[in-house]
Amino acid sequence: MEMTKEMLFDMIDRTPFGDLVLIEDEASYGSIMATYVFVRYARERGIKIMIDDVLDTLFLVKKQLAFLGVQDDFSDAIVIKTGGKMDIGKVIGRIPLEIEPVIYLSRYEGIANEVFSEGKYINIVLGLERLFAFMHEPLEFYTVINSIQGFLGNKSRKAFYMINKNIASNLKFNPIPELEEIATTVAYIREKYGEGKVTFGKTPFIEFLGKEFEIPLKKLLQW
């Protein structure tokens, strides 16, 4: 069954502010296309955009979109950078990854909460597997997990966390099982014969549960 723009945007409309959607990417371009979709959605609905950019992932998204013929500088998106050097969008905070997780999270939460005090946002989190690659002790790992859980229910954001499943599954501490517990929706993006396939392992919308949807790349780029 083909997933149309109208179906997907309607689903995002029905996702309440405060929810956390986990997108497990197993395709070569899943996170890129998902970012494109959520940014398009936010602009059409007049909702502000905040992007968490871990280690220049947004720069890679911009480059890969350009390769597909989509020029976007994300100049209307507020960006919090974790590590990295390539500034894309309106960077309002930078946090080095080398510091202790507790200090890192304290800084991040301070910046993020200031942003969320200014209204409602579509919050796109990129490069999550890169963040967890820096976690070497159980305490560090669970400190980050608890911080993510702490934002659940925040009515100023609809959050979309992207994670590369192949990389995350091979980390010392695989965050996916914990994140699936926290998330209100879990979507899997796979690739088959060059087309994107989306399935939902967890969703409050029973009509989508367990079904596979096709999203043809050419059509998606015309949304």
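The values are calculated or read from the model by the stated rules, or taken from the named source; none is laboratory data. Because the structure is a prediction, the values reported are computed rather than measured. We place every Cβ from the backbone using ideal geometry, glycine too, and count neighbours over all the protein chains shown. Remember, those area values only see protein heavy atoms, side chains included, never the ligands or the DNA or RNA. Shrake-Rupley method; radii C 1.70, N 1.55, O 1.52, S 1.80 Å.
Among the GluC sites (Glu not before Pro) in region 1-78, those placed in a DSSP loop whose Cβ has at most 16 other Cβ atoms within 10 Å are Glu26. The long axis of helix 101-116 is offset from the longest Cα principal axis of the chain by roughly 60 degrees. Which entries in Lys85/Lys218; Lys62/Lys155; Lys85/Lys172 show an alpha-carbon gap greater than 30 Å? Cα-Cα > 30 Å for Lys85/Lys218; rest within. In this calculation the C-beta distance from Tyr193 to Asn170 is compared with R0 = 35 Å, giving a FRET efficiency of 0.85. On region 1-146, 55 percent of the accessible area sits on carbon and sulfur atoms, based on a 1.4 Å probe.
Which of the three applies to region 114-158, rounded, prolate or oblate, going by the alpha-carbon gyration tensor with a ≥ b ≥ c and a/c under 1.5 meaning rounded? It is prolate, given that a/c is not under 1.5 and a/b is the larger ratio.
Computed from Cα atoms, the angle from the helix 57-67 axis to the main principal axis of the chain rounds to 30 degrees. Across the chain, C-alpha contacts under 8 Å between residues 6 or more apart give a mean separation that, scaled by the residue count, equals a relative contact order of 30 percent. Look at the alpha carbon pairs under 8 Å that are at least 6 residues apart: their mean separation over the length of region 65-131 gives a relative contact order of 20 percent. Distance between the modelled labels on Asn146 and Ile99, one decimal in nanometres: 1.9 nm (7 Å Cα→Cβ projection). Note on region 76-142: with charges restricted to the Cβ of Lys and Arg (+1) and Asp and Glu (-1), its dipole about the Cα centre is near 240 debye.
Is region 122-223 best put as rounded, prolate or oblate by its Cα gyration tensor, with a ≥ b ≥ c the root eigenvalues, rounded for a/c under 1.5, and otherwise prolate when a/b is larger than b/c, oblate when not? In terms of gyration-tensor shape, prolate.
Taking the DSSP beta bridges with both ends in region 113-223, the antiparallel portion is around 65 percent.
Give the shape of the chain as rounded, prolate or oblate, defined through the alpha-carbon gyration tensor: a ≥ b ≥ c are the square roots of its eigenvalues, a/c under 1.5 means rounded, and otherwise the shape is prolate if a/b is larger than b/c and oblate if not. Rounded, since a/c falls under 1.5. Amide H contacts of Tyr121 (H built 1.01 Å from N, in plane; Pro and chain starts excluded): Arg157, Lys158 sit under 5 Å, all sequence-distant by 5 or more or on other chains. Scanning residues 5 or more positions from Val91 or on other chains, those with amide H under 5 Å from its amide H are Val79, with H placed 1.01 Å from N in the peptide plane.
Solvent-accessible surface of the chain, averaged per residue with a 1.4 angstrom probe and all protein chains in place: 46 square angstrom. For region 170-222, carbon and sulfur atoms together expose 52% of the accessible surface, with a 1.4 angstrom probe and every protein chain in place. The DSSP beta bridges internal to the chain are antiparallel in roughly 25% of cases.
Computed over region 99-223, relative contact order equals 19 percent, with contacts defined as Cα pairs under 8 Å that lie 6+ residues apart.
Sparse packing (at most 10 other Cβ atoms within 10 Å of the Cβ) combined with a DSSP loop state is found for the following trypsin sites (Lys or Arg not before Pro) in region 29-99: Lys85. Applying the criteria of a DSSP loop state and at most 13 other Cβ atoms within 10 Å to the chymotrypsin sites (Phe, Trp or Tyr not before Pro) of region 111-177 yields no site. Relative to the longest principal axis of the Cα atoms of the chain, the long axis of helix 138-150 makes an angle of roughly 60 degrees.
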